[in-house]
1. Please determine, by comparing only the residues of region 188-211 that are within 13 Å of the ligand (Cβ to nearest atom) and small (Gly, Ala, Ser), which one is surrounded by the most Cβ atoms within 10 Å (Cβ to Cβ).
2. Identify, from the list VAL279, VAL304, VAL294, the residue that is in a helix (DSSP H, G or I), in contact (Cβ under 8 Å) with a residue 24 or more places away in the chain and open to solvent by less than 40 Å² (accessible area, probe 1.4 Å).
3. Could you grab me the full set of residues in region 331-342 that are more than 23 Å from ASN136 (Cβ to Cβ) and surrounded by 19 or more Cβ atoms within 10 Å (Cβ to Cβ)?
4. Does any residue in region 88-100 that is in contact (Cβ under 8 Å) with a residue 12 or more places away in the chain come within less than 6 Å, Cβ to Cβ, of a residue that is buried (at least 19 other Cβ atoms within 10 Å of the Cβ) and among the hydroxyl-bearing types (Ser, Thr, Tyr) six or more places away or on a different chain, and which pairs are these?
5. Could you tell me which numbered condition LEU309 fails, if it satisfies all but one of (1) within 16 Å of the ligand (Cβ to nearest atom); (2) more than 30 Å from ILE98 (Cβ to Cβ); (3) among the hydrophobic types (A, V, I, L, M, F, W, C)?
6. Which numbered condition in (1) under 16 Å from VAL120 (Cα atoms); (2) surrounded by fewer than 15 Cβ atoms within 10 Å (Cβ to Cβ); (3) not aliphatic (A, V, I, L, M) is the only one that ASP61 fails?
7. Could you figure out which of (1) surrounded by fewer than 18 Cβ atoms within 10 Å (Cβ to Cβ); (2) part of a helix (DSSP H, G or I) isn't true of ARG356?
8. With the condition being farther than 29 Å from ALA234 by Cβ and more than 14 Å from the ligand (Cβ to nearest atom), I'd like the helices (runs of 4 or more DSSP H) fully within region 363-453 carrying at least 1 qualifying residues.
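The values are calculated or read from the model by the stated rules, or taken from the named source; none is laboratory data. Since the structure is predicted, the reported quantities are computational estimates derived from the model, not experimental observations. Note that we place each Cβ from the backbone using ideal geometry, even for glycine, and neighbour counts take in every protein chain shown. To get the accessible areas, we keep the full protein, side chains included, count just its heavy atoms, and leave off ligands, DNA and RNA. Shrake-Rupley method; radii C 1.70, N 1.55, O 1.52, S 1.80 Å.
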Amino acid sequence: MSGDLTRLTAHAMADRLRDGEVTSRDLTEAHLDAAEAGNHALNAWLLIDREEALRQADAADDRLRRGEAAAHPLLGIPVALKDLISVRGGQCTAGSRILEGYRSPYDAHITERLRAVGAVILGKTNMDEFAMGSSNEHSAYGPVANPWDLETVPGGSSGGSAVAVAAYHAPLSIGTDTGGSIRQPAALTGIVGMKPTYGRVSRYGIVAFASSLDQIGPFARDVRDAAALLHAIAGRDERDSTSAPVPVPDELIDLPASDDDAAVGLKGARLGLPKEYFVAGMEPDARRRIEEAVAALERAGATVEEVSLPHTDYGLATYYIVAPAEASANLARYDGIRFGPQYGEGDALGNYLATRGRGFGAEVKRRIMLGTYALSAGYYDAFYVKAQKVRTLIKRDFDTLFEQGFDALVAPTSPSVAFRFGAKMADPVSMYLSDACTLPVNMAGLPGISIPCGLSEGMPVGLQLIGPAWSEPRLFALARGYEAITSGAEWRAREPAQLALTTDEAQPTPAERAAALAQR
Ligand code: GLN
């Protein structure tokens, strides 16, 4: 029974809760069991909080019994949070040693929202340190394995959140996306991941990486579930000055359940196919999956025209000035005095250097150095100001197309499927290239979603849809349409190929697998 419960969508769970067939406690126990059983082989979780989750489940069951009017679809539904989201009294490591033992004094805005709708927080998921990375190998708490092939990465930086959903430990999870960290791991693990418009979700209570780019968003196994989770967390919050006073559209919880109705949404849609997103070095078979998806969209009544986003090529270089510059400022607060452990027994400066020297990993130090350099006197205009100007050009490319009436752009999410542990660790630039198709969307502040569109040599491929600002309802409707027209596809029915191995305690941990691969 418990195995079955974890296979349901959040919407199906909600129906059973309302019909009294299951309780939130049943659902929560089933998922806690799955998470505990699978975490040795996957390392997706940094905290599985059984006691607190069951307490929340019982509270949700009370609300359900009282027949709470206007209950949100997520009442009583389990959800996992990336470990950079503050939960009052709980850990918040951001995947870093420098925040080991730190306890959040308050709830993040989205934690408050999830509590308000009655979702059940199962625990905190593994991630690249300070959300810097595309493979989850930069976590101070060890890598995360991809259940499709345990020798490969799940993508990053929200790899733990993606794997928790892909491996049926949770129907829903939360990630953050600064340059692709929701969409890319969603693509690599075969699930849905959405980065909302900048300002749609309050960042209050989230560990900041690059504040002008960071957005919080949902992971789920289908489009309706992802939209419902965004519905729960979106909306204006005056504690984040960049949170926009834009109402939360109720269409997000009204997407068609029937495939026939959903497919109708594609008729007459005008989609652009940006040629620059088929980057040099893109895997040919992954490219074929995208082309097949485009053909399917056309058969369903959408028109797809090739378009150009001429400044795409500059996205990577621009991002790797702007994001590290903001990170270097945001991470200055980790001084060993205000947060986490302090190392060294010297004077204040000695302690500061020792704490940051031991507390931060190599990738974080690399970003701080890049950012500090780009902001330093004499280089500020040449690098940072220049990058901000190019950022405007990237945004204008998108504006021009959307002014011409395109509903959305269709593109690959990632140039490759999941790669082996260690494949890109020695070459940071090759790692950075994983996000060539997602970074520009953050630079422009736009919403983007990745949905599964098939397999390449047994590994998931993601299709990305990018829309104008605040077009989330339309973007989800198009994604739901694509899901509907492919609902009968053979690959849709497949579970991650090595899922069965993940509950075998005799399997190596992801860190052991990575070490063994490095020996070969
Ligand atoms: N992979 C990109 C980086 O390392 C994006 C990370 C993110 O979106 N948080 O910066």
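1. Residue satisfying both the conditions and the ranking: GLY193.
2. Only one candidate qualifies: VAL294.
3. Within region 331-342, just GLY336 meets the criteria.
4. If the second residue must be buried (at least 19 other Cβ atoms within 10 Å of the Cβ) and among the hydroxyl-bearing types (Ser, Thr, Tyr), the pairs left are CYS92/SER86; GLY95/SER139; ILE98/TYR334; LEU99/THR93.
5. The number of the failed condition is (1).
6. (2)
7. Failed condition: (1).
8. 386-403
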